[in-house]
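These notes concern the structure reproduced below.
The values are calculated or read from the model by the stated rules, or taken from the named source; none is laboratory data. Predicted model, so just to flag it, every value in this text is computed and none were measured. Glycine gets a Cβ as well: all are built from the backbone with ideal geometry, and neighbour counts include every protein chain shown. All accessible areas refer to the heavy atoms of the entire protein, side chains included, with ligands and DNA or RNA removed. Shrake-Rupley method; radii C 1.70, N 1.55, O 1.52, S 1.80 Å.
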Amino acid sequence: MALINFSDKELKSLLAHFAIPEKDYFFRPLTDGYINDTFLVLDGKRPLFVLQRINHLVFPNITGLMNNVQYALHHLSNAGYQRINLVETRNGGVFHEHPGPSYWRLMSYIDGSTAYNTTRDPPIAKEAGSIIGKFHLLLQSADTSDYVDTIPRFHDLELRKQQFDSALSTADKAKLTIAREAIQFAKETLNKLEKMHQESLPIRVCHNDTKLNNILFSKETGKALCLIDLDTLMKGHFHFDFGDAIRTIVNTAPEDEKDHSKITFEKPLFEAFVEGLASNGPLLSKAEINALPLGAILMPFLHGIRALTDYLNNNRYYKVAYENQNLDRCLSLFDFTKKALHQVDYMSEVVKRKLRDPKK
Ligand code: GN1
Ligand code: MG
């Protein structure tokens with residue numbers, strides 16, 4: 001998908017649909033996301049809001065998605081969890097449908113907050129674990145049947161395999177040759193993962209995109225404040241959220257890193273993250289704890305195979321900054337998958353020791 005540009009004039013006219021004081025606001029694009037278009041709205045130098053176009057090709061049920069977000073935000077607010085507010089439109093809705101169509105929402109900006117793409121800092125990893133645990137504690141009382149699947153089968157390996165197979169059957173010969181090793185690894189790992197035993201696991205309302213840069217931290221105290229980007233909030237299993245966090249916290253390299261010697265599995269960061277999770281008290285069942293190492297392999301692999309599929313499909317799904325970015329992302333995610341595969345026994349030992357409820 002190509003990057004889309006919006007003029008200040010267009011953004012101003014969109015903002016006018018929301019119930020905020022009329023002022024001469026400035027806009028600054030935030031370009032880290034691969035799906036939506038996001039802009040910081042500033043009053044002079046002060047960021048006040050986040051304006052976002054929701055990609056309706058990726059998320060066709062915008063009403064369902066925004067209902068999910070509203071329900072969840074209702075739960076996601078307490079002393080240790082920073083509330084995010086949706087700004088209503090002048091018609092009292094939570095999003096604005098623009099002719100085209102395009103779909104826009106406006107959220108409060110959390111003053112004094114920051115996010116990290118990567119970290120080498122165990123206290124940050126621990127805070128990340130703590131806030132993800134808190135997110136799940138707060139949503140434990142949510143009724144999963146209230147939430148629609150914004151992307152059905154989002155983390156379903158079988159679906160991702162089918163999409164990969166279909167991309168293989170239509171891709172250019174040249175691309176199949178360039179990606180030969182990645183394709184081979186994908187096939188082998190699909191076999192391996194299909195065989196990895198899974199006990200039956202509870203369904204929770206999950207975030208489903210708990211990468212490190214979806215966590216806001218206080219610049220002043222270093223505390224994690226809350227999770228952002230709730231578009232994929234829907235039913236799921238806890239090890240999905242665990243795995244997405246591990247792939248972006250325990251690996252200190254960015255997702256499209258080309259130098260694979262920089263991709264590492266950092267044990268101190270893994271342990272700090274698990275300690276952060278444990279700091280909320282018992283949350284997970286025995287079966288969920290047993291599934292955590294699988295999550296740490298499944299999630300980088302799933303993102304890798306999705307990036308590979310999109311590379312073979314000529315970048316239809318993700319926004320890419322350059323032609324081969326999806327292939328670079330795939331190779332880097334597969335490299336971390338390999339490194340995590342070597343740490344299965346280590347991960348099992350740590351999560352059992354730190355997370356099992358001593359009373360059970
Ligand atoms: C996409 O655009 P962004 O960064 O919020 C993707 C996530 C991936 C992420 C990075 C709906 O999210 O699953 O973690 O890229 N979201 C969707 O790989 O596909
Ligand atoms: Mg996202």
Exercise. Hey, what D do you get for the chain in µm²/s if you plug the Kirkwood alpha-carbon radius into Stokes-Einstein at 4 °C and 1.567 mPa s?
Worked result: 61 µm²/s
Problem set entry | For the chain: accessible area per residue (Å², 1.4 Å) | 46 Å²
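Would you mind calculating the gained length between His98 and Ser7 on full extension (0.36 nm times residue separation, minus the Cα-Cα distance), in nm to one decimal?
Numbers: separation 91, 0.36 × 91 = 32.76 nm, distance 1.51 nm.
31.2 nm is the gain from fully extending His98 to Ser7.
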Seminar exercise, completed: Carbon plus sulfur, as percent of the 1.4 Å-probe accessible area of the chain, comes to 51 percent
Problem set entry | Charge dipole magnitude, Cβ of K and R +1, D and E -1 - the chain, Cα centre, debye nearest 20 | 480 debye
For this session: Please go through the residue pairs Lys192/Lys359; Lys211/Lys352; Lys12/Lys223; Lys195/Lys352; Lys45/Lys219 and name each one whose alpha carbons sit more than 25 Å apart in this structure.
Result: Lys192/Lys359; Lys12/Lys223
Problem set entry | Gain in span if fully extended, Ser108 to Ser166, counting 0.36 nm per residue against the direct Cα distance | 16.8 nm
Exercise. Peptides 82-89, 109-116: what's the order by average Cβ count within 10 Å, highest mean first?
Worked result: 82-89, 109-116
Problem set entry | Relative packing of 144-154, 221-231, 90-100, which averages over residues the other C-beta atoms within 10 Å, highest first | 221-231, 144-154, 90-100
Problem set entry | Reach of Lys173 by Cα under 19 Å, taken over aspartates and glutamates that are not fewer than 8 positions away in the same chain | Asp165, Glu181, Asp310, Glu323, Asp328
Exercise. Say each of Asp121 and Asn78 gets a label point 7 Å from the Cα, pointing the same way as Cα to Cβ; how far apart are those two points in nm?
Worked result: 2.6 nm
For this session: Give a residue-ordered list of calculated ³J(HN,Hα) values for the stretch 113-118 (Karplus: 6.51 cos²θ - 1.76 cosθ + 1.60, θ = phi - 60°; whole Hz; x for Gly, Pro).
Result: 9, 8, 9, 10, 6, 9
Problem set entry | Paramagnetic reach from Ser279 in the stretch 126-144 [backbone N under 18 Å; point 7 Å along Cα→Cβ] | 126-138
For this session: Report the residue, chosen from Lys338, Lys319, Lys262, that carries the largest GNM mean-square fluctuation when the chain is represented by alpha-carbon nodes joined by springs under 10 Å.
Result: Lys262
Exercise. What nm value, rounded to one decimal, do you get for the distance between Glu349 and Thr144 when each label is placed 7 Å out toward the C-beta?
Worked result: 3.3 nm
Seminar exercise, completed: As a Kirkwood estimate from alpha-carbon pairs, the stretch 41-103 has a hydrodynamic radius in angstrom of 13.6 Å
Exercise. For the stretch 1-65 and the stretch 268-324, what is the separation of their Cα centres, given in Å?
Worked result: 27 Å
Exercise. How much FRET efficiency would the formula 1/(1 + (r/R0)^6) give for Leu176 and Leu201, where r is the Cβ-Cβ distance and R0 is 35 Å, rounded to 0.05?
Worked result: 0.45
Seminar exercise, completed: So Asn61 and Leu40, fully extended at 0.36 nm per residue minus their Cα-Cα distance, gain in nm 5.1 nm
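Round to the nearest 0.05 the FRET efficiency obtained for Ala287 and Glu220 when R0 = 51 Å and r is the Cβ-Cβ distance.
The calculated FRET efficiency here is 0.85.
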